[in-house]
1. Whole-Hz ³J(HN,Hα) for each residue in segment 22-30, computed from phi via Karplus 6.51 cos²θ - 1.76 cosθ + 1.60 with θ = phi - 60°, x for glycine and proline: what do you get?
2. In whole Hz, what ³J(HN,Hα) sequence does segment 111-126 give by Karplus (6.51, -1.76, 1.60; θ = phi - 60°), x for Gly and Pro?
3. Quick one: which residues, 5 or more positions from Thr210 or on another chain, have an amide H under 5 Å from its amide H? H modelled 1.01 Å from N in the peptide plane, none for Pro or chain starts.
4. Which of Thr135, Leu125, Met164 sits closest to the plus end of the dipole of segment 115-164, meaning its Cα is farthest towards the positive end, when Lys and Arg get +1 and Asp and Glu get -1 on the C-beta?
5. Can you tell me the dipole magnitude for segment 39-140 around its Cα centre, using point charges on the Cβ only (Lys, Arg +1; Asp, Glu -1), in Debye to the nearest 20?
6. Using every Cα-Cα pair within segment 230-276, state what percent have a distance larger than 13 Å.
7. Label 7 Å along Cα→Cβ of Asn183; segment 144-170 residues with amide nitrogen under 15 Å?
8. Express in nm, to one decimal, how much length is gained between Lys594 and Ile7 on full extension, taking 0.36 nm for each residue of separation and deducting their alpha carbon distance.
Amino acid sequence: MSNSPEITFRSLGVTPALCDALEAEGKTSPFPIQSATLPDAIGGRDVLGRGQTGSGKTLAFSLAMMTRLNGRTAKPHKPLGLILSPTRELAVQINEVVSPLSRRIGLSSQVVAGGLSYIGQIQALKRGVPIIVATPGRLIDLLEKKHIDLSDVMVTVLDEADQMADMGFLPVVKEILSLTKDNGQRLLFSATLDRDVDALVKRFLKDPITHSLENEKSRSVDMQHHILIMDQGHKDEVSTQIAAREGRTIFFVRTKHGADKLADKMLRSGVPVGVLHGGKSQAQRTRVLKAFKDGRANALVATDVAARGIHVDDVSLVVHVDAPADHKDYLHRAGRTARAGATGTVVTLATHKQKKAVFGITNRAAVKLIENQVRPGDTTLVQITGAQEPSGIPVIVEAEKSSRSDRKPGSRNRTPREGNFRPRSAGGGREERPVRTERKFGEDRSERTDRTERSSSHESAPRTFTKADRTLERQERSFRPERSERSERPAQSFRAQSEDRPARSERPSQGGRPFRSAPKKWEEKARPAARDSRDTRDSRDTRDSRDSRDARPVRDSRDERAPKAGNRGRVEGLDRAPKSTARMPLEKRIAMEKAESRARVGKAAASAGGFKKKPASAGGFKKKSAGRPKPKRG
């Protein structure tokens, strides 16, 4: 029985400098996906690699690209290698693998993704970067603005191509691939392949060699799948008990709001947990992942943004708090555990109504589920997940500082100041200042003694001022003395001050015209008359007899002799004695009104064209005939 030679990275054709770097990290034996794809990829062939999540695909295409680009120099704005990833988290993770290895052979890499420094990416492209790790959205933006040119790209890698197709990036990916060299090498790695990815392979990969290794459907040995049936009201309590277990756990929910809500309940119960979803900035996501990797938080609540490409070692349990949308999401969520030959457990929490839908998803993924009905604190729950009761001491998490990109346009909110700063509404303000004294004109500044007081006040501890204290301080600082009461002020004689002034008539004229004095004739005439009229009205109003009021003269409004309205008419009429005229009988007044009406009608008719006689039948006036008289009867 002959022993087969041991497969190493050197035997696969990897550059010796990269092999030394891998050996320094303790990586001496390649994984199956690396052993299968590296010889063909280094040889320049297009490769279609399909393998299980966590099988080492990232290192496989990275080593092949760096080996082919070794010793080459990139021109400004023209990279030599391009790696496309669906999310910026995955792009950052790929760059963390590529960057230290590329520096060993004189190359460099740059992340081109949204949420990161736009100017920093442009400046790196100006210097010339051989390897670009990009997301489709930011890359197409830089292409439209002429900051990057893909005409020199020799090797193009598509990682998680099926997710890019699901996210709607397929048209953009096709446009990007069409801008690269026609004879360039293209490597496509993914855990699952569907119809859209097959169309992409047929168009852009030339005679590809396919390496389809062990995928998620055949990992029943390394991964166990359970479905826990429970009431809807017990989901949060069961999730909290599972999060308090020993070991790293990832909880997947459907929405950002659901992730924040579940994480808050876990923190109040005493479980340190991080939250990862699309609403977090890139800096916040990086801090959460770092805390999860360092062990400061053993639980991570995430949406599907972390379902693909996020690699964290030693994740022993994955919990589906909300069931995934389809079988592909189930496989990618489950792929966060049992990575690189390790073992893990996948648990789905479901109610009795959700049970049928969950079994339909797992049947399409060819996964066999083990069903159990549990309640909070059950022995079965502890055996499957290692759940335990949380401490109950709330975990206080420091408020995350919002970055400049987190603010909305036009907002003026700022991060809290450091130190002992407190807002004015909470009693904060400036430190105590000495009371300023009024300095007389000509006084020397050196004689003032409050200089030492001011310096000593700053050395003392800061004092908290209230609103009343600040008002009192402003009053004491005021230079104006308090005003005395009005009754205590000395009386001022304005006449005495004007005695020296000449009379108005004796003053010199302006412009050659003398001053005109106001007429006093009307005032002397109107004032006594007004006074007499007021006395007369008062005496009239005090009369109790109605007959005496009726005896007053009635002035007809149609009388032309009646004075017109106005102040002058009233004032001139006051000095006349009222005429005592008898009241006109009613019959006579009616007759006069009729006569005046007939006269007005006649004048109007005459002005319109003469007076026309009305016929007798119409009831008009009859004119006596001038003929012979009627005979007298005998």
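Read-outs throughout are calculated quantities, based only on the coordinates presented, and are distinct from any laboratory measurement. Worth saying up front: this structure is predicted, and the values here are computed from it rather than measured. All Cβ positions, even for glycine, are placed from backbone atoms using ideal geometry, and neighbour counts span all protein chains on display.
1. Using θ = phi - 60°, the values come out as 5, 5, 5, 8, x, 9, 10, 10, x Hz.
2. Along segment 111-126, the couplings run 8, 10, 8, x, x, 10, 4, 6, 5, x, 5, 5, 5, 5, 5, 5 Hz.
3. Result for Thr210 returns Leu48.
4. Of the options given, the answer is Leu125.
5. Dipole of segment 39-140, to the nearest 20 debye: 340 debye.
6. 53 percent
7. Label zone hits: 152-155.
8. So the chain would gain 197.6 nm between Lys594 and Ile7.
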